[in-house]
1. Give segment 65-84 a look and list any residue that's basic (Lys, Arg) and closer than 24 Å to residue 121 by Cα, or say none.
2. So which residues in segment 1-33 are out of contact with any Ser or Thr (no Cβ under 6 Å at 6 or more places or on another chain), surrounded by 12 or more Cβ atoms within 10 Å (Cβ to Cβ) and closer than 18 Å to residue 117 by Cα, if there are any at all?
3. Scanning segment 59-93 for residues that are more than 14 Å from the ligand (Cβ to nearest atom) and under 13 Å from residue 35 (Cβ atoms), which turns out surrounded by the most Cβ atoms within 10 Å (Cβ to Cβ)?
4. Within the group 66, 78, 86, which residue is over 12 Å from residue 42 (Cα atoms) and at pLDDT 90 or above?
5. Looking only at residues that are under 17 Å from residue 42 (Cα atoms) and assigned to a strand (DSSP E or B) in segment 95-117, which one is farthest from the ligand (Cβ to nearest atom)?
6. Take residue 99 and tell me if it is closer than 19 Å to residue 124 by Cα, in contact (Cβ under 8 Å) with a residue 12 or more places away in the chain and surrounded by fewer than 20 Cβ atoms within 10 Å (Cβ to Cβ).
7. For segment 2-58, how many residues meet the condition of being within 16 Å of the ligand (Cβ to nearest atom), assigned to a strand (DSSP E or B) and modelled with pLDDT of 95 or more?
8. Please work out if residue 115 is crowded, with 20+ Cβ neighbours inside 10 Å, more than 24 Å from residue 11 (Cβ to Cβ) and modelled with pLDDT of 80 or more.
Amino acid sequence: MEDNVEQDLSVISRAETILSNLGLTWDDLKNKNVLDMASGSSTLAHAASMLGMDTKIFSVDIDRQKEWVGLPKDVKSKIVQGDAEKLPFADESFDIVLDHGGMGILGFNEAARTLRLGGQFRMFPIGGQILEYWNISFFLTEIEGKESAVVQQLIQKFDQQISDANGWIPSEYITLREKALTALSSDQKIEVIEMLIDRYAQMTEMPLFLYELKDPMAREPNGVMIYKKSY
Ligand SMILES: C[S@@+](CC[C@H](N)C(=O)[O-])C[C@H]1O[C@@H](n2cnc3c(N)ncnc32)[C@H](O)[C@@H]1O
(Lines give C-alpha, C1' and ligand atoms only; values in the text may rest on other atoms or scores of the structure.)
Protein backbone atom coordinates (compact mmCIF):
# COMPACT_ATOMS: atom_id res chain seq x y z
CA MET A 1 0.00 0.00 0.00
CA GLU A 2 2.73 2.43 1.02
CA ASP A 3 4.66 1.45 -2.09
CA ASN A 4 1.69 2.40 -4.26
CA VAL A 5 1.35 5.75 -2.57
CA GLU A 6 5.06 6.39 -3.12
CA GLN A 7 4.79 5.40 -6.77
CA ASP A 8 1.81 7.70 -7.24
CA LEU A 9 3.65 10.59 -5.64
CA SER A 10 6.66 9.97 -7.83
CA VAL A 11 4.52 10.03 -11.01
CA ILE A 12 2.87 13.25 -9.88
CA SER A 13 6.15 14.84 -8.93
CA ARG A 14 7.75 13.90 -12.30
CA ALA A 15 4.70 15.28 -14.12
CA GLU A 16 4.98 18.52 -12.19
CA THR A 17 8.64 18.84 -13.10
CA ILE A 18 7.71 18.38 -16.77
CA LEU A 19 4.98 21.02 -16.48
CA SER A 20 7.29 23.41 -14.73
CA ASN A 21 10.02 22.87 -17.35
CA LEU A 22 7.43 23.83 -19.94
CA GLY A 23 6.31 26.86 -17.95
CA LEU A 24 2.87 25.38 -17.19
CA THR A 25 0.70 24.53 -14.21
CA TRP A 26 -2.20 22.07 -14.08
CA ASP A 27 -4.57 25.04 -14.33
CA ASP A 28 -3.21 25.80 -17.81
CA LEU A 29 -4.35 22.36 -18.98
CA LYS A 30 -7.85 22.64 -17.50
CA ASN A 31 -10.58 21.82 -20.05
CA LYS A 32 -7.93 21.60 -22.77
CA ASN A 33 -7.22 19.06 -25.49
CA VAL A 34 -3.54 18.35 -25.05
CA LEU A 35 -1.07 16.31 -27.07
CA ASP A 36 2.02 15.01 -25.30
CA MET A 37 4.36 14.37 -28.20
CA ALA A 38 7.07 11.73 -27.59
CA SER A 39 5.45 11.17 -24.22
CA GLY A 40 7.62 8.30 -23.02
CA SER A 41 5.72 6.53 -20.24
CA SER A 42 2.86 9.09 -20.45
CA THR A 43 3.68 10.57 -17.07
CA LEU A 44 1.62 13.69 -17.67
CA ALA A 45 -1.57 11.88 -18.65
CA HIS A 46 -1.11 9.38 -15.83
CA ALA A 47 -0.64 12.08 -13.19
CA ALA A 48 -3.58 14.10 -14.54
CA SER A 49 -5.79 11.04 -14.24
CA MET A 50 -4.60 10.33 -10.67
CA LEU A 51 -5.34 13.90 -9.70
CA GLY A 52 -8.75 13.79 -11.39
CA MET A 53 -7.81 16.76 -13.57
CA ASP A 54 -10.35 18.00 -16.07
CA THR A 55 -8.12 17.76 -19.15
CA LYS A 56 -7.79 15.42 -22.13
CA ILE A 57 -4.17 14.43 -22.62
CA PHE A 58 -3.28 12.32 -25.64
CA SER A 59 0.15 10.68 -25.64
CA VAL A 60 2.18 9.60 -28.64
CA ASP A 61 5.41 7.67 -28.51
CA ILE A 62 7.17 5.70 -31.17
CA ASP A 63 8.22 2.96 -28.75
CA ARG A 64 5.85 0.82 -26.76
CA GLN A 65 6.54 1.74 -23.14
CA LYS A 66 6.49 -0.92 -20.45
CA GLU A 67 4.70 1.47 -18.07
CA TRP A 68 1.72 1.71 -20.43
CA VAL A 69 0.55 -1.77 -19.45
CA GLY A 70 -0.50 -0.79 -15.92
CA LEU A 71 -2.11 2.54 -16.76
CA PRO A 72 -5.78 3.25 -16.06
CA LYS A 73 -8.18 2.77 -18.96
CA ASP A 74 -8.91 6.46 -19.45
CA VAL A 75 -5.19 7.12 -19.95
CA LYS A 76 -4.54 4.06 -22.12
CA SER A 77 -7.40 4.93 -24.45
CA LYS A 78 -5.60 8.16 -25.40
CA ILE A 79 -2.20 6.62 -26.08
CA VAL A 80 -0.99 6.16 -29.64
CA GLN A 81 2.11 4.17 -30.43
CA GLY A 82 3.48 5.83 -33.53
CA ASP A 83 5.73 8.37 -35.16
CA ALA A 84 4.97 11.91 -34.00
CA GLU A 85 6.19 13.15 -37.39
CA LYS A 86 3.06 11.51 -38.85
CA LEU A 87 0.35 12.04 -36.30
CA PRO A 88 -2.97 10.25 -36.74
CA PHE A 89 -4.90 13.35 -35.65
CA ALA A 90 -6.91 15.79 -37.74
CA ASP A 91 -5.75 19.36 -38.36
CA GLU A 92 -6.47 21.73 -35.50
CA SER A 93 -7.22 18.98 -32.96
CA PHE A 94 -5.35 20.39 -29.96
CA ASP A 95 -5.25 23.46 -27.76
CA ILE A 96 -1.75 22.63 -26.57
CA VAL A 97 1.00 20.45 -28.00
CA LEU A 98 3.85 19.60 -25.65
CA ASP A 99 7.22 18.14 -26.39
CA HIS A 100 9.29 17.50 -23.33
CA GLY A 101 12.67 16.28 -24.44
CA GLY A 102 11.30 14.22 -27.29
CA MET A 103 11.21 15.36 -30.89
CA GLY A 104 12.93 18.70 -30.87
CA ILE A 105 12.49 20.48 -34.16
CA LEU A 106 11.21 17.32 -35.85
CA GLY A 107 7.92 18.00 -34.09
CA PHE A 108 7.35 21.48 -35.56
CA ASN A 109 5.38 20.57 -38.66
CA GLU A 110 2.96 18.19 -37.01
CA ALA A 111 2.53 20.48 -34.02
CA ALA A 112 1.65 23.33 -36.38
CA ARG A 113 -0.80 21.15 -38.29
CA THR A 114 -2.61 19.65 -35.31
CA LEU A 115 -2.82 22.81 -33.20
CA ARG A 116 -5.91 24.91 -33.39
CA LEU A 117 -5.40 28.56 -34.23
CA GLY A 118 -4.38 30.30 -31.06
CA GLY A 119 -3.05 27.01 -29.68
CA GLN A 120 0.38 26.65 -28.20
CA PHE A 121 3.34 24.45 -28.89
CA ARG A 122 5.73 24.18 -25.98
CA MET A 123 8.98 22.43 -26.49
CA PHE A 124 11.64 21.55 -24.00
CA PRO A 125 14.61 20.26 -25.93
CA ILE A 126 17.09 18.12 -24.05
CA GLY A 127 19.95 15.80 -24.84
CA GLY A 128 20.45 15.37 -28.55
CA GLN A 129 18.22 18.29 -29.39
CA ILE A 130 20.50 20.91 -27.92
CA LEU A 131 22.65 21.31 -30.99
CA GLU A 132 19.75 21.54 -33.42
CA TYR A 133 18.05 23.91 -31.02
CA TRP A 134 21.06 26.15 -30.93
CA ASN A 135 21.16 26.19 -34.71
CA ILE A 136 17.56 27.30 -34.92
CA SER A 137 17.85 30.00 -32.31
CA PHE A 138 20.97 31.29 -33.97
CA PHE A 139 19.23 31.74 -37.32
CA LEU A 140 15.83 32.91 -36.11
CA THR A 141 16.57 36.62 -36.33
CA GLU A 142 17.65 36.18 -39.93
CA ILE A 143 14.46 34.49 -41.11
CA GLU A 144 12.01 36.56 -39.12
CA GLY A 145 8.98 37.47 -41.24
CA LYS A 146 10.48 36.16 -44.48
CA GLU A 147 8.64 34.06 -47.03
CA SER A 148 9.48 30.41 -47.46
CA ALA A 149 11.34 30.94 -50.77
CA VAL A 150 13.55 33.56 -49.17
CA VAL A 151 14.12 31.31 -46.17
CA GLN A 152 15.24 28.57 -48.55
CA GLN A 153 17.83 30.91 -50.06
CA LEU A 154 19.06 31.87 -46.61
CA ILE A 155 19.28 28.21 -45.66
CA GLN A 156 21.53 27.60 -48.66
CA LYS A 157 23.71 30.45 -47.55
CA PHE A 158 23.88 29.13 -43.99
CA ASP A 159 24.68 25.65 -45.24
CA GLN A 160 27.51 27.04 -47.31
CA GLN A 161 28.86 28.74 -44.21
CA ILE A 162 28.61 25.50 -42.27
CA SER A 163 30.33 23.62 -45.01
CA ASP A 164 33.07 26.27 -45.17
CA ALA A 165 33.52 25.73 -41.45
CA ASN A 166 34.55 22.13 -42.24
CA GLY A 167 31.14 20.64 -41.49
CA TRP A 168 31.50 20.86 -37.74
CA ILE A 169 27.72 20.56 -37.49
CA PRO A 170 26.67 17.00 -38.48
CA SER A 171 24.75 16.83 -41.74
CA GLU A 172 21.64 15.36 -40.11
CA TYR A 173 21.31 18.52 -38.07
CA ILE A 174 21.43 20.59 -41.21
CA THR A 175 18.45 18.67 -42.57
CA LEU A 176 16.60 19.04 -39.29
CA ARG A 177 17.27 22.74 -39.17
CA GLU A 178 16.05 23.21 -42.70
CA LYS A 179 12.74 21.55 -41.83
CA ALA A 180 12.31 23.71 -38.76
CA LEU A 181 13.19 26.99 -40.38
CA THR A 182 10.81 26.25 -43.22
CA ALA A 183 8.10 25.45 -40.68
CA LEU A 184 8.74 28.82 -39.10
CA SER A 185 8.75 30.79 -42.33
CA SER A 186 6.27 33.59 -42.88
CA ASP A 187 3.89 31.57 -45.04
CA GLN A 188 2.92 29.34 -42.15
CA LYS A 189 1.06 30.45 -39.07
CA ILE A 190 3.36 29.82 -36.24
CA GLU A 191 5.18 32.41 -34.27
CA VAL A 192 7.42 32.50 -31.30
CA ILE A 193 5.41 34.29 -28.66
CA GLU A 194 7.61 33.87 -25.69
CA MET A 195 10.85 32.36 -24.64
CA LEU A 196 11.04 30.82 -21.23
CA ILE A 197 14.58 31.81 -20.81
CA ASP A 198 15.13 31.41 -17.10
CA ARG A 199 14.63 27.75 -16.42
CA TYR A 200 16.16 26.47 -19.62
CA ALA A 201 18.99 28.93 -19.38
CA GLN A 202 19.78 27.63 -15.90
CA MET A 203 20.28 24.14 -17.30
CA THR A 204 21.77 24.77 -20.69
CA GLU A 205 22.52 28.45 -20.95
CA MET A 206 20.11 28.49 -23.89
CA PRO A 207 16.56 29.85 -24.19
CA LEU A 208 13.38 27.85 -24.76
CA PHE A 209 10.82 28.57 -27.47
CA LEU A 210 7.10 28.81 -27.12
CA TYR A 211 5.04 28.86 -30.31
CA GLU A 212 1.51 30.05 -30.90
CA LEU A 213 -0.63 29.83 -33.98
CA LYS A 214 -1.69 33.38 -34.68
CA ASP A 215 -4.30 34.99 -36.85
CA PRO A 216 -7.68 33.41 -35.93
CA MET A 217 -9.16 34.57 -39.27
CA ALA A 218 -6.57 32.86 -41.39
CA ARG A 219 -6.52 29.25 -42.51
CA GLU A 220 -3.44 27.25 -41.85
CA PRO A 221 -1.22 25.76 -43.13
CA ASN A 222 -1.08 27.75 -46.40
CA GLY A 223 -1.76 31.35 -45.46
CA VAL A 224 0.70 33.93 -44.31
CA MET A 225 2.34 33.12 -41.04
CA ILE A 226 3.88 35.64 -38.73
CA TYR A 227 6.28 34.71 -36.04
CA LYS A 228 8.26 36.83 -33.74
CA LYS A 229 11.10 36.34 -31.40
CA SER A 230 10.61 37.96 -28.07
CA TYR A 231 14.00 38.15 -26.55
C1 LIG B 1 13.85 11.46 -23.36
S2 LIG B 1 12.33 10.64 -23.69
C3 LIG B 1 11.20 11.87 -23.10
C4 LIG B 1 9.91 11.25 -22.64
C5 LIG B 1 8.91 12.21 -21.97
N6 LIG B 1 8.50 13.30 -22.86
C7 LIG B 1 9.45 12.72 -20.67
O8 LIG B 1 9.85 13.89 -20.61
O9 LIG B 1 9.48 11.96 -19.71
C10 LIG B 1 12.21 10.77 -25.46
C11 LIG B 1 11.05 9.98 -26.05
O12 LIG B 1 10.88 10.36 -27.41
C13 LIG B 1 10.36 9.25 -28.09
N14 LIG B 1 10.48 9.49 -29.54
C15 LIG B 1 11.61 9.67 -30.25
N16 LIG B 1 11.34 9.86 -31.56
C17 LIG B 1 9.98 9.79 -31.67
C18 LIG B 1 9.09 9.91 -32.77
N19 LIG B 1 9.53 10.12 -34.02
N20 LIG B 1 7.77 9.83 -32.53
C21 LIG B 1 7.31 9.61 -31.28
N22 LIG B 1 8.11 9.46 -30.21
C23 LIG B 1 9.44 9.56 -30.39
C24 LIG B 1 11.21 8.12 -27.54
O25 LIG B 1 10.65 6.85 -27.80
C26 LIG B 1 11.26 8.48 -26.04
O27 LIG B 1 10.24 7.84 -25.34
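1. Result: 76, 78.
2. 28, 33
3. Taking the candidates together, the pick is 78.
4. Within the list 66, 78, 86, the selection yields 86.
5. In this case the residue turns out to be 96.
6. No.
7. 5
8. yes
The values are calculated or read from the model by the stated rules, or taken from the named source; none is laboratory data. Being a predicted model, the structure only gives us computed values, none of them experimental. No Cβ is skipped: glycine too gets one built from the backbone with ideal geometry, and neighbour counts run over all protein chains shown.
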